[in-house]
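Have a look at the structure below before the remarks.
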Amino acid sequence: MWERSLLLSAPGKVILHGEHAVVHGKVALAVALDLRTFLRLRPCGEGRVHVRLPGVGVVRSWETPRLQALRRGFAADFDESKSPSVEQLDTLKEFAGIAAGASAPESLATLAFLYMCLAISAKYGDVPSVDILVWSELPTGAGLGSSAAYAVCLAAALLTVCGAISCPLKEGESTARWTEEELTLINTWAFQGERVIHGNPSGVDNAVGTWGGALRYQSGKITPLKRVPMLKILLTNTKVPRSTKVLVAGAKQKILKFPAIMNPVLDSIDAISQECQSVLEAMPENPSPEYYPVLEELFDINQHHLNVIGAGHPSLDRLCRVTASHGLHSKLTGAGGGGCGITLLRPDTSPLTVEAAKRDLCACGFECWETNIGAPGVTLHSSSSLNAKVLHALLES
Ligand SMILES: Nc1ncnc2c1ncn2[C@@H]1O[C@H](COP(=O)(O)OP(=O)(O)O)[C@@H](O)[C@H]1O
Ligand SMILES: C[C@@](O)(CCOP(=O)(O)O)CC(=O)O
Ligand SMILES: [Mg+2]
């Protein structure tokens, strides 16, 4: 029986360059955000697994013997190197009462939970009787990697209670992280959770959620950036809902339909990521304005490419126009189709300019906030290390 409570979190992400192209083997540059998803796990002695996901309105509970019987009924083995199969997902949908084609947030979140719970317990031993609550500071389905942060938290918690990885938080410590080897296992399983939610993810989001910081990602190869300057970014949520799964599938269709036209666009995005990496790694920690024109132009070019790929949206065009009227450069981030855009703020951008841009963006019905990047990856917390708002959300519910 598992007797410890766990509090852990994983960050969301911003993709600077390479969204969509990264699904097709190109380079992406991504950074962890200081907005996180938190998971609280408590032992419970009732022979059940309880799951509460207030962000997507899920409250579910299953008897552990029923979960064990369900797992035994699967013909195919679960493994972290195997994609969830259509048959496995169909069986889980039937078990959870989810309609065959359902893609609503609550359905995908429940399905990802059940898949990870069964697959991890099949490999490492039963998930004990526990009560799990996931709460997030991230908007859901807005391009900031909420799906990956959710999958990383689930992987870390489930692998810990099954004994596949250690629980590194010692008495008296405020935070702790796992070893590289354990993080690799968390990342691998989180990728499977992302597969349930996204269909065909690249793996960049779960890599950032696991390792944090700033990294280059290509075809599963994760390379931390050598040096990352203090970049100031304005994040704007257009609040237009969209689904990563649908947008990624749409981009693939376009590439298959017009390979000779679309492949050069993907190559160009790859070159943008590489150029941006060189500029970032050449920048001192507190960079002077002279580095910024190139970064701004790269934002502009990539935004046009993303429109070509089919990831644009009128709300994102508007966001770019509004910020351009203040001399600022923006692009979408994540899957696009609505969701969030990022605006680069130069060290010499006056606070008055930022305030005026924010005012105009809010007048469009958008929400914006200035943010720090390069946050730590998946982390275990003591309750005293969490701020009052997070504690309230996790402990009072
Ligand atoms: N806090 C959360 N609790 C449960 N599920 C979540 C949470 N955040 C995200 N998800 C899952 O991730 C999905 C959104 O993922 P996605 O479309 O990739 O957008 P993004 O990752 O950009 O936020 C939701 O439909 C839901 O299934
Ligand atoms: C479009 C894509 O490059 C990023 C998707 O990010 P998000 O789910 O919109 O936060 C897909 C992927 O890399 O898996
Ligand atoms: Mg996602």
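The values are calculated or read from the model by the stated rules, or taken from the named source; none is laboratory data. Remember, it's a predicted structure, so these values are computed and weren't measured experimentally. FYI the Cβ positions are ideal-geometry reconstructions off the backbone, even for glycines, and counts take in every protein chain you see. What goes into the accessible areas is simple: the full protein's heavy atoms, side chains included, and nothing from ligands, DNA or RNA. Shrake-Rupley method; radii C 1.70, N 1.55, O 1.52, S 1.80 Å.
Some points to look at:
- Hey, Gln218 out of contact with any helix residue (DSSP H, G or I) (no Cβ under 6 Å at 6 or more places or on another chain), within 15 Å of Val22 (Cβ to Cβ), at pLDDT 95 or above and not assigned by TED's automatic domain parsing to the domain that holds Gly327 or not: yes
- Top-ranked residue of region 120-145 - restricted to ones that are within 30 Å of Cys368 (Cβ to Cβ) and open to solvent by less than 20 Å² (accessible area, probe 1.4 Å), ranked as farthest from ligand 2 (Cβ to nearest atom): Leu133
- Count - residues of region 43-57 that are open to solvent by 10 Å² or more (accessible area, probe 1.4 Å), closer than 25 Å to Asn206 by Cβ and in a strand (DSSP E or B): 2
- Residue list for region 1-37, restricted to those being open to solvent by 30 Å² or more (accessible area, probe 1.4 Å) and among the small types (Gly, Ala, Ser): Ser5
- Residue selected from region 137-159 under the condition farther than 18 Å from Tyr115 by Cβ and not small (Gly, Ala, Ser), by the criterion farthest from ligand 1 (Cβ to nearest atom): Glu137
- Within region 202-247, the set of residues being in contact with a His (Cβ under 8 Å, 6 or more places away or on another chain) and surrounded by fewer than 24 Cβ atoms within 10 Å (Cβ to Cβ) comprises Val240, Arg242, Lys245.
- Taking region 167-194 as the range and being touching a residue at least 60 places away in the same chain (Cβ under 8 Å) and among the hydroxyl-bearing types (Ser, Thr, Tyr) as the test, the residues that pass are Ser174, Thr175, Thr188.
- Filter pass, Asp360 being away from ligand 3 (no atom under 16 Å from the Cβ), modelled with pLDDT of 95 or more and either crowded, with 22+ Cβ neighbours inside 10 Å or not in a strand (DSSP E or B) (or both): yes
- Sole residue being open to solvent by less than 10 Å² (accessible area, probe 1.4 Å), aliphatic (A, V, I, L, M) and touching a residue at least 40 places away in the same chain (Cβ under 8 Å), chosen from Ala164, Ala157: Ala157
- Odd one out for Ile269 among (1) modelled with pLDDT under 95; (2) within 14 Å of ligand 2 (Cβ to nearest atom); (3) open to solvent by less than 40 Å² (accessible area, probe 1.4 Å): (1)
- Cross-chain or 6+ apart pairs with Cβ under 7 Å, region 17-33 first and assigned by TED's automatic domain parsing to the domain that holds Val204, then among the charged types (D, E, K, R) and part of a loop (DSSP other than H, G, I, E, B): Gly18/Lys26; Ala28/Glu19
- Residue-level analysis places Leu89 outside the set of residues that are touching a helix residue (DSSP H, G or I) at 6+ places or on another chain (Cβ under 7 Å), within 20 Å of Thr64 (Cβ to Cβ) and part of a helix (DSSP H, G or I).
- Condition check for Gln88: farther than 26 Å from Trp135 by Cβ, over 25 Å from the mean Cα position of the chain (by Cα) and touching a residue at least 12 places away in the same chain (Cβ under 8 Å): no
- Within region 174-201, considering residues that are within 16 Å of ligand 1 (Cβ to nearest atom) and part of a loop (DSSP other than H, G, I, E, B), the one least open to solvent (accessible area, probe 1.4 Å): Pro201
- Restricting attention to region 225-275, the residues that are under 30 Å from Leu108 (Cβ atoms) and not in a helix (DSSP H, G or I) add up to 12.
- Scan of region 216-246 for residues that are within 16 Å of ligand 1 (Cβ to nearest atom), among the charged types (D, E, K, R) and over 21 Å from Val196 (Cα atoms), ordered by number: Lys239
- The number of residues in region 363-397 that are outside any helix (DSSP H, G or I) and in contact with a Phe, Trp or Tyr (Cβ under 6 Å, 6 or more places away or on another chain) comes to 1.
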